[in-house]
Amino acid sequence: MVRPEFLKSEPRAERPTRGPGSGTSASTDAVGESLKTRMMDEAPVGITIADATQPDMPLIYVNAAFERMTGYSPSYAIGRNCRFLQGEETREKPVRQMRVAIEEGEAVTVELRNYRRNGELFWNEVTIAPLRDDTGDIAYYVGFQQDVTRRKRAEQAAADRAARIEHERTAQSRLLERLDGVVADVTEAVALASSPGELRQEVVRSIADTYTGAWIGTYDPATETVELRVADGKTGSEIEAIPVATGNTGARSTNAVVAAAVDDRHVRLESIGPDEPNEPAEAAAVAGVPLYFGEATYGAIAVYAQTEELRRHERDVLTALGRTVAIGINALESQRTLRGESVVEFQLTLGDHPLGSFAEALSCSLQHISTVGDRGERSLLFELDGAPAVDAERIHAAAEATGVTVHAVLVAEADVPVVEVSVDETPLEELLREYSGELCGWAVEDGTAIATIEVGREALARSLAADAMEQLANVDLRSYRRREETHETRREFVAEIESRLTERQRAALIRAHTSGYFEWPHETNGDELADSMGVTRSTFHQHLRAAQRKIAAAILDR
C-alpha cells in the first residue's frame, strides 16, 4: 500500500504522562501512527487522499474498501484524478458542488452516480475535506466513499410508490368529482322521465356532457339487433343496426363492443384508433353498456371517451349506470302496462300448425276476420283468399284431413268465402296462459300459420317468445314491437260512429229507437216511421239496416 509522507511512521519519542487538565487529547498518546494507518487501510468505507499541491490533484492513497467498492486497484488509481469514476449517467450538479467546495477550501458531502471498473453503475456518497499543513495551506484532500445504491434504490422505490399512490389518489379524486355529476344527472333523469323516449334523451345528454359522446339503442329480439334511437356529442358517422351475434370478440369497433356487451351482459371497454372508419376522431376508447333487467334486454349505451382512463376506473360506474337506466325503463313500461297505455305485440310463425295444413290443402291463404265464443269454445272466422273454385264439400274434406273443425261455411257463393273453424288446443295455448299472453290474431300464408300475440309486460313477452321457440317445433319470431294503446273516450266513439252514418241513416236510427221500434212487441211499425220520413217502407228499412251494419262494424273493429 502506497502511503503519503505524513502517514509514514517516525521514531517514537518518550512523551511525559499527561494528567487530568492537560491540553492534549488522551487518545493522541494511546493511538500510534501504525495503528492509525491500519485503521485507514482496513476501514469499511472507501478512503482516498489527493495531493492538493498538484495541478490535477492526483490520488496518492486509496484503501482496500475503495478497491472492493470500485474494482480499481491502488496501482491503477494512484496518480489519477478520481474523476475516472464518472461517466455518462453522472450528473453535473454534485460534481459542481465538489468543485466549488475545493475552490473555497471547504468540506462537502454529495451523492452521485459512479461507475465500477466493470461498467456497472452505483450510487456513491462522497465526503471530501481539506487537510492543511503547518502554514495553514491546503496540502491534501481526503475523501470518504460509501456505496449507497441499496438505500437509493429503496428511496426511489418508496418515492415511485408514493408518486403512484398520489397519482392514483388524484385520478380517483378527479374521477369521483367528474362522475358525481353524471351519476346524479342520470339518476335524476330516470326518476323524472315520464316516458322511455324522454328517459333515453336525458340519459344520453347527461353522459355526453361528461364524456366525448354517447348514443343509446333499443334491442329487437326478432332481428337480434340494436338500433340507435338517440345520440349526443361526438359519435362518429351514422350508426346502423348492430347485429348482436357478431362472434368477433377481437374487433375493436363500436359495433363489436356493443354486440359483445349485449350478448354477455357485461360492460365492454376497448381502445379505438383515430384512423378507424366510422369512429369519432376525438375518442380514444369506447364502452358498450348493456341495458337489461331480469330476463328482459332493453338495448345498450355506447360511451366514447377521450382517454383510456375509463378502462381502469369506470367499469363499475358504467355497470351501475346501465342497471339504473334499465330499471327506469322497466318501471316506466310497467306503469304504462298497468294503465293500459302500451302492450308488447309479436308474431310467431308456426310451421307445423293445423291451420297451415288446412290452407295448404285448399291452396289459399287465410285472413282472420274475428273470433267468436258462443259455442262453448272459441272459433275463428277466416276469409279464404285465393281459393280456386272452392265449395263447402271441399272445405269440409280439407278440414277433416288436417284436424280442423269446420262449424259453418258463410257466403260460400261469394268470391271470398268465409268459414268458421276451430282447432284443438296446442302447447302454444298453455304458454299463453302461463305468461298472461293473449292470442289476438291469425294469418296463414304459404302453408305457414302466423299468430299475433299481445303481452302486457316486457319481461313476460320475451320469456314467452323464447320458450315458444325453444319448446315448440318449427317456431320462429317474425316481428316484435311495443305498441302504444289508444284510449278512446265515449264521446270520441260516438263521434266516430256518427261520422260513418249519412243523415238519412242517422234519422232512421233515431226515429226507430225513440219510437220503440226495437221493442217487442213493436210500439210502432215500419210504415209509420217511413211516413214520418217521407219515404217508402223499403227505403226506410234500407237506411236502418245500413246504420245497424255500420254500428256493428265500428264495435267489432275495436
Selection from the range 526-556 of residues that are loosely packed, with under 15 Cβ neighbours inside 10 Å, of a type outside the set (Gly, Ala, Ser) and part of a loop (DSSP other than H, G, I, E, B): 536
So residue 96, is it surrounded by fewer than 17 Cβ atoms within 10 Å (Cβ to Cβ), in the same structural domain as residue 51 (by TED's automatic domain parsing) and more than 22 Å from residue 44 (Cα to Cα): yes
Condition met for residue 113 (assigned to a helix (DSSP H, G or I), without any contact (Cβ under 8 Å) to a residue 40 or more places away in the chain and among the charged types (D, E, K, R)): no
Filter result (of a type in the set (A, V, I, L, M, F, W, C), closer than 26 Å to residue 462 by Cα and out of contact with any helix residue (DSSP H, G or I) (no Cβ under 8 Å at 6 or more places or on another chain)) within the range 179-220: 204
Residue 337 vs. criteria modelled with pLDDT of 80 or more and among the polar types (S, T, N, Q): no
Residues satisfying the stated conditions in the range 413-443, i.e. in a loop (DSSP other than H, G, I, E, B) and of a type in the set (Asp, Glu): 413, 415, 424, 425
Residues of the range 461-516 satisfying the condition of being within 30 Å of residue 428 (Cα to Cα), modelled with pLDDT under 80 and not β-branched (Val, Ile, Thr): 482, 483, 484, 485, 487
Scope the range 345-361; condition touching a Lys or Arg at 6+ places or on another chain (Cβ under 9 Å) and of a type in the set (Asp, Glu); matching residues: 345
Only one of 511, 478 that is basic (Lys, Arg) and over 29 Å from residue 358 (Cα atoms): 511
In the range 390-403, the residues that are buried (at least 16 other Cβ atoms within 10 Å of the Cβ) and over 15 Å from residue 364 (Cα atoms): none
Flag for residue 293 being at pLDDT 80 or above and crowded, with 22+ Cβ neighbours inside 10 Å: no
Unique match (being in contact (Cβ under 8 Å) with a residue 40 or more places away in the chain, assigned to a loop (DSSP other than H, G, I, E, B) and either β-branched (Val, Ile, Thr) or more than 26 Å from residue 41 (Cα to Cα) (or both)) among 53, 90: 53
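The values are calculated or read from the model by the stated rules, or taken from the named source; none is laboratory data. As the structure is a computational prediction, the values presented were derived from the model and not from experiment. Please note: Cβ atoms are built from the backbone with ideal geometry, for glycine as well, and neighbour counts cover all protein chains shown.
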